Amino acid sequence: MKKQVSLLLLILIVSLTNAQTKGELLSLQKSKKDSISNLQKKVDGIQSEIDALPGWRFNVFGTIGGSISGFNNWYAKKSPNSSVGNFGFNINAIADKIEGTYFWKNATNINISWVKFDDKDDDNDSAKYEVATDVFNLSSLYGYKLSNKFAISAFGEYRSTLVQNFNNPGFLDLGIGATWTPIKDLVVVIHPLNYNFVFSSGDNVYESSLGAKIVVDYSKTIGDFNVKSNLSIFQSYETSDHSNWTWTNTLAYSIWNNIGLGFDFGLRKNKQEALNYNFDTDPSATFDSIDNKLQSYWLFGLNYTLK
């Protein structure tokens, strides 16, 4: 009986000791987490002070994605002997100069992808990679500050392609007006006086016109997460057929050594582009007869960020 009581007491003592040890460890863990949290707040505060200093700020990040596949005697397919491949990349580059009385914001976006479908049983089939997505955008905004949130500004934006039909068409917006920056990472450009120059070759439907330019740009870096969103709108004063808008977005997350995952997508509506495209099959097409469908692209793949 004494042995059993002694054994129970020993078990109870060991249990209480383990419970005390676990409680102490949990308490220590909580205090360390609180210390890390406080240190991170101090680091974030110092970083905010650095970001507020005048001078240049640079950021470059991009996404690369692709896949390849091959089929031999795969009779379930219409083309049992074929190879398929696609490859694409996106680059966002930002260079901003912030001073006490003015700012100068510059940005470049490039998105290009290729695709190949080679039917090995068709001698006339092309085995080359064809361009699937071709986007090039360059913008520059200069503003003289009237206050911390408002500035009079001048803005220039060029949009075209790089690999195919460079500057055919090419869209160049030049205008003046005001810029509103309600928060550090958001820029809203409102230019009631803007001219949309359209460059193209040969007989086509493209025409330049005077109008208003509105741009909403959001760029944010939170730790290893990068967000870039840009909405560019041109509203022609002459006719809505000459108006257009483009919305591009990039989401990037770094997992290891600035390498991670990225997702890019874009939307656009441009009736002049739609009419020019329809001319290839219907020379009698007009703005009223065509369906100005929503244009879109997307890319998902590996991402690399260079700060």
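Coordinate-derived values only; no laboratory data. Just so you know, these numbers come straight off a predicted model, no measurement behind them. Methodologically, a virtual Cβ is constructed for each residue, glycine included, from the backbone with ideal geometry; neighbour enumeration extends over all protein chains shown.
Derived scalar couplings between HN and Hα for the stretch 237-248 equal 7, 7, 7, 5, 5, 9, 7, 7, 8, 9, 10, 10 Hz in order, rounded to whole Hz, by the Karplus curve 6.51 cos²θ - 1.76 cosθ + 1.60 (θ = phi - 60°), x for Gly and Pro. From the square roots a ≥ b ≥ c of the eigenvalues of the alpha-carbon gyration tensor of the stretch 120-257, which class results: rounded (a/c under 1.5), prolate (a/b over b/c), or oblate? Oblate is the answer for the stretch 120-257, as a/c is 1.5 or above yet b/c matches or exceeds a/b. Per-residue Cβ neighbour counts within 10 Å put T108, T250, T101, T181 in the sequence T101, T108, T181, T250, beginning with the fewest. Listed from fewest to most Cβ neighbours within 10 Å, the set L251, L299, L26 follows the order L26, L251, L299. Here the residues V60, V205, ranked from fewest to most Cβ neighbours within 10 Å of their Cβ, fall in the order V60, V205.
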